[in-house]
1. When you count, for each residue, the other Cβ atoms within 10 Å and take the mean per peptide, how do 28-38, 94-104 rank with the highest first?
2. So for each of 321-332, 339-350 I average, over its residues, the number of other beta carbons within 10 Å; can you give me the resulting order with the highest mean first?
3. Which entries in Lys75/Lys405; Lys318/Lys398; Lys89/Lys398 show an alpha-carbon gap greater than 21 Å?
4. Within 13 Å, Cβ to Cβ, of Ser88, how many net charges do the neighbouring residues add up to if Lys/Arg are +1 and Asp/Glu are -1?
5. What does the highest-first list of 113-121, 80-88, 377-385 look like by mean Cβ count within 10 Å?
Amino acid sequence: MKMSEATRFVSGPNPIDWVESSPFIELGCPFTLYGALKMLFLLPLLPFRLAIGGLALVTIAVTNSLVIWNWPLEKPLPPWRRRVVLLSKELVLVTLWCLGFRIRVRGRENIKTAERLGAVAIFNHVSWIDAFVLVWLMAPSGVSKESNGRIPVIGQAVRAMQTVYIPYDKLSKRSGNCGDSGGGRGPGGKGTSTCPAVHVPKGGTSAAATMSPCSDCSSSSSSSNDKSNSSASSMRDLGRASSSSCSAIETNHAFFTDGAEGAVGGKAACAEAPPVTAGGAGAAAPAPAIGSHGRNDVVTSRVTEVLLRRVHHPSYCKPGGFPLVVMAPEGTTSNGRGLLNFRTGAFVLERPVLPICFRYRWQGLNPAWTIGDERWHFLRLMSQFRNDLEVEILPPYKPSFDELKDPCLFASHVRRQMASVLGIPLYDASHDDYLALRRRGVNVSWDGRHVIVSDTNKCYRRGAVV
């Protein structure tokens with residue numbers, strides 16, 4: 001009888017073999033003596049940097065609070081109010097500079113094209129820095145989990161951008177993931193997209209399965225990529241094996257997310273989007289049902305319908321209308337070394353999409369938001385002389401008739417395009433796999449050198465148990 005992947009993870013001699021290459025684990029930037037010396041040199045400047053960057057955020061929050069004073073956020077902001085929001089967003093660059101980031105943008109002209117087309121922007125979610133950069137670029141209307149709206153200062157600053165907030169329990173829906181293993185509608189439906197095949201070596205178990213990249217994806221096909229895909233696949237099996245509730249684990253690993261399909265009452269993500277009638281498209285966007293803490297900007301109804309009406313509103317992306325909607329189809333952050341499965345929330349809206357690719361050029365520390373101590377990660381991030389970020393905005397992708405009929409096919413093609421531009425592989429992993437790791441007590445040591453499995457009170461390294 002073959003041992004299941006979940007059982008191997010729990011009882012195997014060295015669990016790190018199955019998690020060290022997970023997209024939610026980063027072991028490639030350990031804390032070194034040189035890093036300690038940089039920290040001693042740069043940390044004395046941290047209070048001044050935080051004070052200047054924080055002052056910029058407070059100024060944005062106060063300005064935006066005055067802009068939306070006594071104005072119902074379910075309606076588009078008048079042109080003068082929106083202009084003030086666009087002016088205030090430039091202060092975000094001050095914060096980014098104080099955080100040590102130098103940003104280079106290519107394809108900025110594609111934003112105007114996307115606004116003319118009424119597109120929906122999507123991006124690969126790597127770090128919490130992504131949100132700041134997107135606000136600086138275009139002050140979009142994001143789709144974020146509800147708890148982010150309660151973050152001091154930042155939450156108030158982004159409310160004027162008319163972000164759509166969704167409850168956390170709507171984020172984790174495995175049926176909403178649309179990887180390249182299938183492209184049809186509904187559970188188990190056969191798709192028409194060409195997808196990577198899963199190869200299992202003869203006589204091997206599912207643990208040895210690797211994803212063969214398709215020809216139009218990233219050219220990287222080294223053994224390390226195969227190992228990463230195999231590890232991500234094993235984590236997916238682990239997530240299926242676990243029966244505990246995902247919603248019980250709170251995480252801040254999603255500033256902008258894709259939760260549109262998570263609110264469709266358990267329907268598969270690849271189901272067809274509800275049609276938008278002429279009356280629905282021409283009417284004012286509906287006020288969301290009142291969510292937690294009495295806020296009227298938290299959606300508790302069907303998120304897909306709210307977003308459909310938003311993007312089909314006559315004023316969408318026009319002066320005096322709703323701003324461009326931006327979503328993270330991966331639904332969470334990863335280490336940036338590959339693309340997670342795409343959810344279909346951005347692809348059921350019957351609109352072109354604007355792919356935005358984030359490429360972090362780092363040396364001492366990966367800015368990606370992965371499993372580990374977030375406060376220590378922030379201190380290390382502030383101890384870098386420079387953090388470079390390249391943002392490449394691709395031309396809007398106009399879906400074909402077949403892609404409009406099949407959101408999974410649409411998502412698969414855009415995902416491959418982004419992976420090809422970034423030069424990274426496709427991972428068969430999702431937010432649920434991150435939650436599975438957290439349930440198992442997986443963490444990374446403070447020095448970033450090895451994985452800790454706390455439910456066994458042991459620290460695992462390759463070839464040894466500490």
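1. Details: 28-38: 13.5, 94-104: 17.5.
Listed from highest to lowest mean packing, they are 94-104, 28-38.
2. Details: 321-332: 26.3, 339-350: 27.8.
The densest-packed peptide leads the list: 339-350, 321-332.
3. Details: Lys75/Lys405 30 Å; Lys318/Lys398 19 Å; Lys89/Lys398 29 Å.
Among Lys75/Lys405; Lys318/Lys398; Lys89/Lys398, the Cα-Cα distance tops 21 Å for Lys75/Lys405; Lys89/Lys398.
4. Details: positive: Arg81, Arg82, Arg83, Lys89, Arg159; negative: Glu90.
Here the count lands on +4.
5. Result, highest mean Cβ count within 10 Å first: 113-121, 377-385, 80-88.
No lab work stands behind these numbers, since they all come straight from the coordinates. No experiment lies behind these values; they were computed from the predicted model shown. When we count neighbours, we look across all protein chains shown, and the Cβ atoms used for this are built from the backbone with ideal geometry, even at glycine.
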